[in-house]
Amino acid sequence: MSKGTKSIAFYLMMILVFGSLMYFIVKEGESQEVGTVVQTMQNTPRDMGEGFFVFWDSVAHHIQSSIGILLLQIIAILIVCRLFGWIFQKIGQPTVIGEIVAGIVLGPSVLGHLLPEVSAFLFPLESLGNITILSQFGLILFMFAIGMELDIEEVRKKLKETILISHTSTIVPFFFGMLTAYYVYESYAHKGTPFLSFALFIGIAMSITAFPVLARIIQEKGLTKTHLGTISLASAANGDITAWCLLAVVIAIAQAGSMLSAIYNILFSILYILFMFLAVRPFLRMIGHIYHNKEVIDKALVAMMFLLLIVSSYFTEILGLHALFGAFIAGVVMPGNIKFRKIMTEKVEDVSLALFLPLFFVSTGLRTEIGLLNTPGLWAMCGIFILVAIIGKFGGAMFSARFVGESWKNSLYIGALMNTRGLMELVVLTIGYEMKILPPSIFVMLVLMTLVTTFMTTPLVSFIKFCFKTHDKIKEHRIYAEPTDGAFKVLLSFGRAGNGQIMLDVAHQMFARGKNKLDLTALHLTVGSDVNPLHTDNFEEVSFGPILYGAKKLGMHIHTRYEVSNNAGQDICDIVNNEGFDFLLVGSGISMSNSPDDIAATRYRTSFYNRYFKRFNAPESWFYPGALLKDKTKMFIARSNCDVGVFINRNFVKASNILVVISSEEDLFLLDYTKTLLKTTHGSVGIIYKASTTTPGYGKIIETIEEFTATVSQAKLLPDKDLTPGLFNGYNFMLISYNTWNDVSEHRKEALQKMPSTLILNKKPS
């Protein structure tokens, strides 16, 4: 008996023996049943119909259970928030705006108004406490991450330059907020709410800047490494620290009822902050020097950091400052080591941003009932709040920036950027609402003010840029190395770090021996608006490491450029057009890669399309790799004001044996590129002319090719008239025009499986 047969026999014997024993136990147990059990047995379904009704009752029970309702709420919240985030991202707005709007849509203002039954089912009153608790915990994690995003050392370096801007842009709107509170207190405040608490909360709501939203807007606009971006971020960070300290004082006063009653709260809070900075921070700094990579950071250390976070939040909560302030301070005192902070934010931020914050937005939306503003007077008051917020924050930041010596243009930019509120504003408003200081109507007005001021930031920055547009509009934002006069400017855009070095080799071989000196810029974009500022330097370092190493080996000087983008294709085209590049070189991505993982991914995608979506005439570009490449190339060609090359990597090393494909008179420009390429590689070239005597311009084409082969000793005209898999043997590089590529990819798909590394070229009409 074989080993497999013995295993099967043993398996069957075990099933038989122990199954029989369990049957015996059940029978013996049933003999001990009492009357209630018998009655229950009598109520059991007698057929499949009754069984289904029992099953359905069970499903309904679990749907309406606490955990069932909560999970359904989370599913709905995440779907709607991601949808609105995506929509607002597409129109150039931060995703946080879309998520705030999603919260309002799911609240009584939209869903509760249009579909009250659905709203009552999805968000029953008894379930709202669970959402609130989860959102508060998420906010604690988020504020911890925000604290870690603030680099105290950088704030300290820029303190002299930014203290006037940050504090003026805080105190001016604070004053205007308190002034507005004075006029609305009697009519709108809760009876019994002290004026001081009410005025302080309105003031802090007007004066806050959302540092994380601002940081992401600056990234998206490509201003991170500029003077303007640095000043704005440092001012926002300085202002954030000031505002949160002010908020802590405001909360202490509000809870105590008066300034005198709050003295002890403030005193012990100061002692707590001193302890965190003077005792805890030095200890954590030592920890950061020891534990600075993922290999040495274990679960015990992570648990200790989270314990510190919770303890800090607890202390500020019992001191009357709110748990969020403690979470913020815990983040601020984290080790300054950027690698340590990055690792910790990775553990915290993804969960808080993706899961908990949408719950907070909806929790806020459920409190926001726009229908409360049901008179022209209330809408007029809402407009006044918005106007006061803009004038105070924008005006305070702008004039203070101008006072310290910034240009009018930069001052306007700083004013617009500092007027961003977003999520941080909602946090403040939620605290005021929960403390019964902000009545529902004022809460709604301030939420709308938050939406308007954050929404207007991006268009306002674009408008300022438009107003100050000059012939040198890009250099006013970024400082780039001055290109050499008459240089051939090439923009090399790559996605994966390893591909950057390969494409550098292509660019060097294609252009290094051209008539003009090569001026090469390597561009890497990180797609997504939610990139943490802490991560950008790390991404930049990792992305450009291989290409800088390759440039050093080749003895080349290249410019590197890193940006965060929501629309990579359009941003690449904008850079090419606005900065006068002569050539755009991009990679084909995974669509035509010969990497085993990429091949497996594209095969699965193609089979998935053929199996499920082809019959419904779904766009082929969603699934077919060749179509993806075609669409991508078409976009670059249509929108770029220069020659474009799309590189397909097939284990490229050196273009020593080149195949040039010519099918029309328009393709003759490939010979100019071939000459330059041969000067670098000293290789050989085979030319295939895949047209007939009836092709327009046939005589000129043949004449030009013959002249080329006569003057270039390494060149020869091949007898073949068509591309076949066998033709590619002996060639390691191919030059082909975009139009010819379209024809080949349409009619010779099988040949492309064997093609060598290929550069698809398109010449911009003169």
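Any read-out appearing in this document is the output of simple, stated calculations on the displayed coordinates, not a laboratory observation. What you see is a predicted model, and the numbers here were worked out from it, not measured in a lab. When we count neighbours, we look across all protein chains shown, and the Cβ atoms used for this are built from the backbone with ideal geometry, even at glycine.
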Could you rank the peptides 81-94, 4-17 by their average count of other C-beta atoms within 10 Å per residue, with the highest value first? 81-94, 4-17
Ranked output for segments 157-166, 402-411 by mean other Cβ atoms within 10 Å, highest leading, reads 157-166, 402-411
Fully extended contour minus Cα-Cα distance, from HIS62 to TRP86, at 0.36 nm per residue: 5.4 nm
Of ALA120, SER166, VAL101, which is farthest towards the positive pole of region 93-172's charge dipole, taken about the Cα centre with +1 and -1 on the beta-carbons of Lys, Arg and Asp, Glu respectively? SER166
Modelled label-to-label distance, GLU186 and GLU28, 7 Å Cα→beta-carbon offset: nm? 8.7 nm
Full-stretch length increase - CYS467, LEU125 - with 0.36 nm per residue and alpha-carbon distance subtracted: 118.1 nm
Hey, can you rank 305-311, 246-252, 417-423 by average C-beta count inside 10 Å, highest first? 417-423, 246-252, 305-311
One-quarter of the Cα convex hull surface for region 650-766, in nm²? 7.3 nm²
Under the 7 Å Cα-to-Cβ spin-label approximation, ALA76 and VAL17 lie apart by a distance in nanometres of 5.5 nm
Okay, which of region 651-674 sit inside 11 Å, backbone N to the point 7 Å along the Cα-Cβ direction of THR695? 661-668
At R0 = 56 Å, FRET efficiency that the Cβ-Cβ distance of LEU164 and ARG513 yields, to 0.05: 0.55
Chain lengthening between VAL302 and SER2 when straightened (0.36 nm per residue, less Cα-Cα): 102.8 nm
Using a 7 Å offset from the Cα along the Cα-to-Cβ direction at both LYS754 and GLU665, what is the distance between the two label points in nm, to one decimal? 3.4 nm
